[in-house]
Amino acid sequence: TGGNTCCGGTQSDYEYCTLAKTPEDPHSGGCHHCLTVHDGASLNFGTVSVPTVFPDMDALDLDGNFTIYAYVKKGADSGQTREYILSKQSEYSGKGYWLALLPSPGMPGEYTLEGGVYVGSEIFRISRTLDPITLDPAQWAHVAMTYDGLNLNLYLDTRKVGAATFTDEPAKYGRRNA
């Protein structure tokens, strides 16, 4: 009847489902995994952080200049080596694009911000912050990545915190991003 299979195999009336259990959405018909998402809106789980997966579609492939941004309010570290903020990657090859936080070992609240894009021929263009960034768990932070085929820049609250330039080759854009 609906968009995706979730909740242990049940069908959802909604187009998007998460990989982890979330607080029940009153509009989800009792499905803890199903969310109503609208363009320009945000996913709000209160104090719960849940990765959300959107269906693979050509409209999400990036084949020109792009900006990816999100507002994050970082709670406790997940214990993961890479915490994706936004990712459209193949689960098999890793090809695609992403914006992620890499926790600094032994330094609670400090992270490396990383952005990357697959540009074809087994080539990834990746940028990371050189110095750790600090995220206050009580404040929202604006994180962003821009890419123009040659330059991949990272921003925290509108301040450039990372940059990588790829002028040794012609401009390259994503190839069927995942």
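What distance in nm separates the two pseudo spin-label positions at Thr158 and Thr134, each 7 Å out from Cα along the beta-carbon direction?
About 2.2 nm separates the two model spin labels.
Could you tell me the ratio Rg/Rh of region 82-127? Both radii from Cα atoms, Rh via Kirkwood.
1.05
Under 20 Å Cα to Cα from Lys172, which lysines show up? Leave out anything in the same chain fewer than 8 places away.
Output for Lys172: Lys88, Lys95.
Contour minus end-to-end for Ala171 and Leu60, with contour as 0.36 nm per residue of separation and end-to-end as the Cα-Cα distance?
Going from the current span to full extension adds 38.0 nm.
When we measure straight from the Cα of Lys160, which lysines land under 20 angstrom away, once same-chain ones fewer than 8 places off are left out?
Here the lysines satisfying the reach criterion relative to Lys160 are Lys73, Lys74.
Keeping all protein chains in place and using 1.4 angstrom, which order do Arg159, Arg125 fall into by accessible surface area, from largest down?
Heavy-atom accessible area, descending, gives Arg159, Arg125.
Highest mean first, how do 61-68, 98-105, 138-145 rank when packing is the count of other Cβ atoms within 10 Å averaged over residues?
Going from most to least packed, we get 98-105, 138-145, 61-68.
The values are calculated or read from the model by the stated rules, or taken from the named source; none is laboratory data. These numbers were taken from a predicted model, which means no experiment stands behind them. We place every Cβ from the backbone using ideal geometry, glycine too, and count neighbours over all the protein chains shown. Remember, those area values only see protein heavy atoms, side chains included, never the ligands or the DNA or RNA. Shrake-Rupley method; radii C 1.70, N 1.55, O 1.52, S 1.80 Å.
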